[in-house]
Amino acid sequence: MQVQSLQAGHKVLCRGPCSRQFLSARSLPSMATPSYHTLHASSLPVSCSRLRGVHVFAASASLGEDVSASSSEAEPSTSGEASPSPVDAVELVSEAGRNYEPLREALRAGEFEKADDITREELIQLAGSGAVKRGWVYFSEVKFIPVEDLQTIDALWKASSKNKFGFSVQKEVWMQQSKYWTRFFKKIDWVQGEMNYYRKWPAEFIYNAEDAPKGHLPLTNALRGTQLLEAILEHPAFEKGGGKDGSGKPEWLK
């Protein structure tokens with residue numbers, strides 16, 4: 001309930017069901033000096049049930065001053081807190097001791113380009129010192145990435161995109177295309193035109209779940225060939241028996 005401009009000779013509108021009924025400030029005690037007086041709403045000739053048990057605090061009678069309403073009995077706010085994001089339910093498990101909270105925060109905020117950069121850096125860190133020095137992962141180093149870490153990264157991507165993004169999602173599409181790379185790249189929209197030219201990174205890729213096709217993110221550089229991406233998709237984290245939910249089967253195979 002809101003009360004505005006409670007001044008001498010002014011009327012105050014109750015923002016409740018009785019929006020056509022008013023409190024008259026003329027009924028307030030005379031206030032020679034700026035001070036606060038209390039009127040209990042039950043003493044006022046108003047039938048609005050929202051005012052019952054509510055104290056109206058009136059400021060001085062000088063023109064232009066607003067008046068606030070407060071009460072321990074006021075109705076609680078109906079605007080509840082925002083529902084938690086599905087990404088918050090993902091357990092941040094890391095055999096390598098990595099902190100995946102920054103990735104979660106980026107995905108929760110829908111900052112998919114930033115999340116893609118974080119994912120790329122995490123894979124470099126997970127692949128070992130050689131990858132860190134080099135600044136990119138060689139396909140033979142993928143086997144050093146712990147299963148739990150890849151599954152955590154994948155679960156965060158899936159949770160933030162309603163199962164539209166993630167390595168396991170990409171593997172699902174890849175398998176559906178019988179592991180034909182050209183068909184796979186077309187399906188996830190990494191190439192364009194009749195000649196199937198790779199999109200220019202990063203500007204030409206799609207960083208939102210509404211417009212991007214299934215499996216579009218995260219990105220893996222395939223300009224040097226498909227061995228790295230194949231090593232990721234064939235990683236034990238996404239094989240039968242490697243399901244993160246412990247069912248013995250990856251979610252995309254269910």
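The values are calculated or read from the model by the stated rules, or taken from the named source; none is laboratory data. Keep in mind the model is a prediction, meaning the values are calculated, not measured. Here the Cβ positions follow ideal geometry from the backbone for every residue, glycine too, while neighbour counts run over all protein chains shown. Heads up: the accessible areas ignore ligands, DNA and RNA and are worked out on the full protein's heavy atoms, side chains in. Shrake-Rupley method; radii C 1.70, N 1.55, O 1.52, S 1.80 Å.
Data overview
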| quantity | calculated |
| --- | --- |
| Selection count, the stretch 81-110, where residues are free of Cβ contacts under 8 Å to residues at least 24 places away in the same chain and among the charged types (D, E, K, R) | 4 |
| Candidates Phe205, Phe184 - the one that is more than 24 Å from Leu107 (Cα to Cα) and either in contact with an Asp or Glu (Cβ under 6 Å, 6 or more places away or on another chain) or open to solvent by less than 40 Å² (accessible area, probe 1.4 Å) (or both) | Phe184 |
| Residue that is nearest to the chain's Cα centre (by Cα) [pool: residues in the stretch 220-232 that are within 19 Å of Glu122 (Cβ to Cβ) and open to solvent by 20 Å² or more (accessible area, probe 1.4 Å)] | Asn221 |
| Odd one out for Ser129 among (1) touching a helix residue (DSSP H, G or I) at 6+ places or on another chain (Cβ under 8 Å); (2) among the hydroxyl-bearing types (Ser, Thr, Tyr); (3) farther than 21 Å from Pro86 by Cβ | (1) |
| Residues within the stretch 138-173 that are among the hydrophobic types (A, V, I, L, M, F, W, C) and more than 29 Å from the chain's Cα centre (by Cα), tallied | 3 |
| Number of the condition not met by His235 [criteria: (1) open to solvent by 40 Å² or more (accessible area, probe 1.4 Å); (2) at pLDDT 95 or above; (3) closer than 19 Å to Lys171 by Cα] | (1) |
| Residue check, Lys179 in contact (Cβ under 8 Å) with a residue 40 or more places away in the chain and of a type in the set (Lys, Arg) | no |
